[in-house]
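For reference, the structure discussed in these notes is given below.
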Amino acid sequence: MGDSRGVIEFDGVTKVYPGATAPSVDRLTMRIEAGEICALVGPSGSGKTTAMRMVNRLIEPTSGTIRIDGVDTRSIDVETLRRSIGYVIQQVGLFPHRSVLDNVGTVPRLLGWDESRIAARSRELLDLVGLDPSKFGMRYPAQLSGGQRQRVGVARALAADPPVMLMDEPFGAIDPLVREQIQDEFLRMQQDVRKTIIIVTHDLDEAMRMGDKVAVLQEGGVLAQLATPEQLLAAPANDFVQRFVGGDAALRRLALAKVHDLPLIPLDVAHAQGFGVMVDQQAQPVQWANGTPVRARIAIDATLRTALGELIATGESFAPVIDGMGRPVGIVTTALLHGWLDRPVAQSIDQHAAAGVDWHGPAQHGYAPPMQAQPMRFGSSRG
Amino acid sequence: MTFLLDNRLEVLRLVLEHVLLCAVSLGIATILAVPLGVWMHGRSRRIGMVTAVTGALYTVPSLALFSILVPVVGLGVVPTVIGLVLYAQLMLVRAVVGGLDSVPEDVRDAAIGMGIDRWTILTTIDLPLALPVFLAGVRIAAVTVIGIATIGAVIDAGGLGELILQGIQRDQVERVTVGALAVTALALSADYALVRLERRARPWANRAAAAGASA
Ligand SMILES: Nc1ncnc2c1ncn2[C@@H]1O[C@H](COP(=O)(O)OP(=O)(O)OP(=O)(O)O)[C@@H](O)[C@H]1O
Ligand SMILES: [Mg+2]
């Protein structure tokens, strides 16, 4: 399974349902790279499900072409095509009269694998989605919780190792707390399996969390913007996207980045500018060079949004950033957060894929971004 | 009571005849109803058409229906079975359609989306999942058919109706009573057996219910 498998291309794809006057999907053109998650968002009725179901030909396009790895899907036998595409829906659609293991083994069985291989693979997948096969394998779907059922649905879709997965509001029926947990688990799993995934959702937060790219559809099935989550928030393509991402775009953007993405002020630079940080015996930051106590400590892997929250809560405009051991590695300031929001971001992926990478922080600090931040011991950086 | 003891062989023979008559009729009716129901399912025009015809047949009184058939196919078992099959049709076809309707749409959608072909979906998903609802329909049809089969005795089909008919002709109340009680007992046991079968047809639901109850 190389990374070149599973490129999905929509090429001017239009769907007009019989009897409808307007298209439900209108000349959709986009490309999803292998191993990428593309979140399809938009208001109800904007054609998300229709667009997704055209990929495995549950719906046939009125015009236009969909290609997977360059092959027109219409040239592939429809059942062969579907068996090579994982399919997950909100209601899961597990077969109620089959055990969990049998459900997971559905597509391998269709593909004619031998029973021992199917059994081994099904157990492996249950493990992968965090369900103990010896505990859950022989249960019927009715004996599972909603979240467990959804995991089985994902395992079933992955069983034959398809390069492409289609997911229609897969976590929509799960309560918010469990949903976040399942999303995280899913992303962790995706690190290993590297599928090309189209995930339909009308939850913008979910789209931002899950999507490498987000495709925003607006009424009439028109693609309003195809961009990274950051680009979408920083540079909405039109009023519709602007309204769709809402008023707290800045906070959402801060939630997308981690403190270590910032060009933190190195400790020695801070020291030279008069706000050095003093550490105790355990190398924990305790007070500033001027004697005032350190009130906020910000973890290096916290989101910028968390960092901002900490700063506001403590009334500070800067704070030491600490590593996993609690040792200071640099200084974060509200100006750095502001600079992050202010840096130029392209409107779409194709124009400038690496937007923001060469940004070095607000110029007024007048320092080069550190390659690494060095922790400082009491008095060690004198001179 | 003495009547039953004196004539137990005859009563047993008539019970068996009755059971056979009904079982054969229900068997044939099922064989016809399943494809018909599958053909109708999800097509409102077809459902309207078939329901109109079977519904009209259902309103014809059984004695009249049997008598109409006699000039065509003669006396005996054949016209009775034909009549019973026609009566059962309305209920069974509805049961098949109802059963298929009870298959959750998301289950079917997932099945198609995973690339299972139509025939395999029908035989391994639709029909097994439709079975419990279908069997509930079979139950009603069985009880009805067991009752109506009694009339078959009038056109020489045998069965427990014979006992009742003879009792009336010979003015033997005991004979009539035994006949009527036997038909009732038969209907009740068929009902009970099918309830059991219905429950066995959905092990997935039973185990879930059991787990829920014990939790
Ligand atoms: N089978 C169908 N026949 C006719 N029109 C349809 C059909 N399915 C969807 N539509 C129409 O196409 C449009 C897009 O529907 P679609 O289900 O793709 O929207 P969606 O973005 O998935 O919405 P939601 O968020 O509510 O699921 C809607 O206007 C809908 O009414
Ligand atoms: Mg939808």
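Per-structure values
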item	result
Near pairs, Cβ below 9 angstrom, 6+ apart or cross-chain, from the range B:185-213 (assigned to a helix (DSSP H, G or I)) to any residue that is modelled with pLDDT under 80	B:Arg199/B:Ala205; B:Arg199/B:Asn206; B:Arg200/B:Asn206
Residue within the range A:223-235 that is away from chain B (no Cβ under 14 Å) and within 14 Å of ligand 1 (Cβ to nearest atom) present	yes
Residues being more than 12 Å from A:Leu226 (Cβ to Cβ), more than 16 Å from ligand 2 (Cβ to nearest atom) and not in a loop (DSSP other than H, G, I, E, B) - total across the range A:9-25	5
Helices (runs of 4 or more DSSP H) wholly inside the range A:50-150 containing at least 1 residues that are away from every other protein chain (no Cβ under 14 Å) and acidic (Asp, Glu)	A:115-128
Residues that are within 16 Å of ligand 1 (Cβ to nearest atom) and touching a strand residue (DSSP E or B) at 6+ places or on another chain (Cβ under 9 Å), drawn from the range A:194-209	A:Ile198, A:Ile199, A:Val200, A:Thr201, A:His202, A:Asp203, A:Leu204, A:Glu206, A:Ala207
Within the range A:159-172, tally of residues that are touching a Lys or Arg at 6+ places or on another chain (Cβ under 9 Å) and within 12 Å of another protein chain (Cβ to nearest Cβ)	7
Selected residue (criterion: nearest to A:Asp102 (Cα to Cα)) from residues of the range B:98-114 that are of a type in the set (Gly, Ala, Ser) and more than 7 Å from every other protein chain (Cβ to nearest Cβ)	B:Ala111
Answer from A:Thr49, A:Thr29, A:Thr62 - the residue that is of a type outside the set (Phe, Trp, Tyr), modelled with pLDDT of 95 or more, within 16 Å of ligand 2 (Cβ to nearest atom) and open to solvent by 50 Å² or more (accessible area, probe 1.4 Å)	A:Thr49
Residues satisfying the stated conditions in the range A:290-306, i.e. in a loop (DSSP other than H, G, I, E, B) and loosely packed, with under 15 Cβ neighbours inside 10 Å	A:Asn290, A:Gly291, A:Thr292, A:Arg295, A:Asp301
Scope the range A:184-208; condition surrounded by fewer than 20 Cβ atoms within 10 Å (Cβ to Cβ) and either within 14 Å of chain B (Cβ to nearest Cβ) or more than 16 Å from ligand 2 (Cβ to nearest atom) (or both); matching residues	A:Asp184, A:Glu185, A:Leu187, A:Arg188, A:Met189, A:Gln190, A:Gln191, A:Asp192, A:Val193, A:Arg194, A:Asp205
Index of the failed condition, A:Val41 passing every other in (1) open to solvent by 30 Å² or more (accessible area, probe 1.4 Å); (2) within 16 Å of ligand 1 (Cβ to nearest atom)	(1)
One residue from A:Arg109, A:Arg151, A:Arg123, A:Arg156 being touching a Leu at 6+ places or on another chain (Cβ under 9 Å), open to solvent by 50 Å² or more (accessible area, probe 1.4 Å) and not acidic (Asp, Glu)	A:Arg123
Helices (runs of 4 or more DSSP H) lying entirely in the range B:1-119 (those with 2 or more residues that are without any contact (Cβ under 8 Å) to a residue 40 or more places away in the chain, of a type outside the set (Phe, Trp, Tyr) and open to solvent by 50 Å² or more (accessible area, probe 1.4 Å))	B:2-6, B:8-40, B:44-59, B:62-73, B:77-101
Subset of the range A:65-104 [touching a residue at least 60 places away in the same chain (Cβ under 8 Å) and open to solvent by less than 30 Å² (accessible area, probe 1.4 Å)]	A:Ile68, A:Ile85, A:Gly86, A:Tyr87, A:Val88, A:Ile89, A:Val92, A:Gly93, A:Leu94
Test result for A:Gln287, in the same structural domain as A:His338 (by TED's automatic domain parsing) and open to solvent by 10 Å² or more (accessible area, probe 1.4 Å)	yes
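Residues checked against (1) within 29 Å of B:Val53 (Cα to Cα); (2) more than 22 Å from the chain's Cα centre (by Cα); (3) at pLDDT 95 or above; (4) away from chain A (no Cβ under 14 Å):
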| position | (1), (2), (3), (4) |
| --- | --- |
| B:Val96 | yes, no, yes, yes |
| B:Ile116 | no, yes, yes, no |
| B:Pro132 | yes, no, no, no |
| B:Leu160 | no, no, no, yes |
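The values are calculated or read from the model by the stated rules, or taken from the named source; none is laboratory data. Just so it is clear, the structure is predicted and the values come from calculations on it, not from any experiment. Ideal geometry is used to build each Cβ from the backbone, glycine not excepted, and the neighbour counts take in all protein chains shown. For the accessible areas, the whole protein counts, side chains as well, though only heavy atoms, and no ligand, DNA or RNA atoms are used. Shrake-Rupley method; radii C 1.70, N 1.55, O 1.52, S 1.80 Å.
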